[in-house]
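Each reported figure results from applying straightforward, stated rules to the coordinates on display, with no laboratory input. Quantities reported herein were computed from a predicted structural model and do not represent experimental measurements. Neighbour counts run over all protein chains shown; Cβ positions are idealised from the backbone, glycine included.
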Amino acid sequence: MFRYLLTKTKDKDQATLAISGNAVFIRADEMDNALAAGLACCRELVIDVSGLESFDSTFQVLLCSLHRRSELENKSISIVGALPGRSNEQARQAKAKGCLLNGNSKHCPLCEPAAAAAASSGPGAGEDAKR
């Protein structure tokens, strides 16, 4: 099952899309609609994947597509929480092989969650970082 909750701030500049369950191919249409709705309603979208149990390459492709749309619309997205089973190295390899924005983007939302999870055990753990 794929579930999501979209929460907007009062000023509508930022929204959080909390995703839980299984983000897999069979739910591609639901995932794409949820991600598109999140980006459409704000300038800064935070995608919380801490409740995600599993995902497949379909979800990764949809996140990459959303990242590209956000760049084209001069909006930003970030991911909080760690993608299950994903390492920093896997994220870097995926970006190097297929990112259309490779070298043109300030950050890669897929690469940052694993880095943020690793940093959460170090100095300053528990502090929110603005990306």
What distance in nm separates the two pseudo spin-label positions at LEU6 and ASP29, each 7 Å out from Cα along the beta-carbon direction? 1.7
How far apart, in nm, are two points set 7 Å out from the Cα along the Cα-to-Cβ line at THR58 and at ALA37? 1.8
